[in-house]
Amino acid sequence: MGKLGNVIPELVNAFNVYLKGNKLVGVSGEVELPELEAMTETIELAGSLGELETPATGHFSSAKMKIPFAVLHEDLFSLIDTTKPVEITLRGSMQCQDPKTGATDYYPIKIVVRGKATTTTLGVLSKGKKGEPEIELEISYIKVVINNITGLELDKLNFKYVLNGEDMLAKIRKQI
C-alpha cells in the first residue's frame, strides 16, 4: 500500500473498538486517545543563553486513555481487572480527498493499546438518557498504523520506541 501521498485527510468515517477480537458494543462514539508527553530535563550550559528543556528519547510520562460507554454495560466490567492488562484495538476508516481530482478515498487506521484500568466512572442513571460511564487505562503499549504503515510503536515495558519505521532506541540498546 504505502504512504498516503498527496491526499487531504478529512475525517474518521467510522470506527469500532475491540477487546480480544470481540467488538465492544457499549462504547460511545468517541474515544480519547492518550497524550504522549516526553520526560524532560532542564539543562543550563556555560555559554548558552538560559535554560533548555531536553527530552529523553523514548521516555514518556504516564499516558492515559479514556473509553466512554453509553450506559452501564458488561463490556465495561471486562476492562477493569487490574491483575491483567487489557489489549484494546481500534479499527477505523479515514476519509481522504485527492486535491487534484476531488475524489474521495478511504484508508485503514488501526490503534492497539495495552494497559490496566486506573479509574472506573460508573456514570449516572437518568430516565431516558445516557449514563456515560467511563474507563481510564494506564497505557504501557501503543501502536498506531495508518494505511498499513506503522507510524508509532511505544512499548514502555520492553524498551521499544519506533517512529515511521525507525527504531529510535536501537543505538541506546547496543550501548547498555
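Hey, which aspartates and glutamates would be in cross-link range of K66, C-alpha to C-alpha under 18 Å, not counting anything within fewer than 8 residues on its own chain?
Hits, sequence-local ones excluded: E30, E32, E35, E37, E74, D75, D81, E87, E132, E134, E136, E138.
Mind listing the long-range amide H neighbours of T118? Cut-off is under 5 Å, sequence gap 5 or more, other chains count too, H placed in the peptide plane at 1.01 Å from N.
The list, which skips near neighbours in sequence, is E136, L137, E138.
Using Kirkwood radius over Cα pairs in Å as the read-out, say which of (i) 16.6; (ii) 17.4; (iii) 18.7 was calculated from these coordinates.
The calculated read-out lines up with (iii).
I need the shape label for the range 24-114. Rule: rounded when a/c is under 1.5, else prolate if a/b > b/c, else oblate, with a, b, c from the alpha carbon gyration tensor.
oblate
Give a residue-ordered list of calculated ³J(HN,Hα) values for the range 81-86 (Karplus: 6.51 cos²θ - 1.76 cosθ + 1.60, θ = phi - 60°; whole Hz; x for Gly, Pro).
Values per residue, Gly and Pro as x: 6, 7, 8, 9, x, 9 Hz.
Considering the options L79, G102, S61, tell which one lies farthest towards the positive end of the dipole of the range 58-176, charges being +1 on Lys and Arg and -1 on Asp and Glu at the Cβ, about the Cα centre.
So the residue we want is S61.
With the dipole of the range 15-171 worked out from charges on the C-beta (+1 for Lys and Arg, -1 for Asp and Glu) around the Cα centre, which of Y161, L90, L52 lies farthest toward the positive end?
So the residue we want is L90.
Compute the accessible area per residue over the chain, keeping the other protein chains in place, probe 1.4 Å, unit Å².
For the chain, the per-residue accessible area is 65 Å².
Mind putting a number on the dipole of the chain about its Cα centre? Charges go on the C-beta only, +1 for Lys and Arg and -1 for Asp and Glu, and I need it in Debye to the nearest 20.
Rounded to the nearest 20 debye, it is 680 debye.
Taking amide hydrogens as modeled 1.01 Å from N in the peptide plane, which residues meet the under 5 Å criterion relative to S28, leaving out close sequence neighbours?
F69, A70
Please give the calculated 222 nm ellipticity per residue for the chain, where each DSSP H segment of at least 4 residues contributes -39500 (n - 2.57) and the sum is spread over every residue; nearest 500 deg cm²/dmol?
One gets -1000 deg cm²/dmol as the mean residue ellipticity at 222 nm.
Rounded to the nearest percent, how much of the accessible area of the range 52-176 (1.4 Å probe, protein heavy atoms only) is carbon and sulfur?
C and S atoms contribute 53 percent here.
Amide H neighbours of K160 under 5 Å, counting only residues 5+ apart in sequence or on other chains, H built in-plane at 1.01 Å?
So K160 has HN proximity to D155.
Show me, for the range 61-73, the HN-Hα J-couplings you get by feeding each phi into the Karplus relation (A = 6.51, B = -1.76, C = 1.60, θ = phi - 60°), rounded to Hz, glycine and proline as x.
Running phi through 6.51 cos²θ - 1.76 cosθ + 1.60 with θ = phi - 60° gives 5, 3, 10, 10, 10, 9, 10, x, 10, 6, 9, 4, 8 Hz.
Is the C-alpha gyration tensor of the range 1-72 telling us rounded, prolate or oblate? Criteria: a/c under 1.5 is rounded; beyond that, a/b larger than b/c is prolate, otherwise oblate.
prolate
Let a ≥ b ≥ c be the square roots of the eigenvalues of the Cα gyration tensor of the range 94-176; is it rounded (a/c under 1.5), or, if not, prolate (a/b larger than b/c) or oblate?
Since a/c reaches 1.5 but b/c is at least a/b, the shape of the range 94-176 is classed as oblate.
Per residue of the range 37-43, in order, report the coupling 6.51 cos²θ - 1.76 cosθ + 1.60 (Karplus, θ = phi - 60°) as ³J(HN,Hα) in whole Hz, putting x for Gly and Pro.
10, 4, 6, 10, 9, 8, 10
The values are calculated or read from the model by the stated rules, or taken from the named source; none is laboratory data. None of these values were measured; they are calculated from a predicted model. Ideal geometry is used to build each Cβ from the backbone, glycine not excepted, and the neighbour counts take in all protein chains shown. Side chains are part of the model used for accessible areas, which takes the heavy atoms of the whole protein and leaves out ligands, DNA and RNA. Shrake-Rupley method; radii C 1.70, N 1.55, O 1.52, S 1.80 Å.
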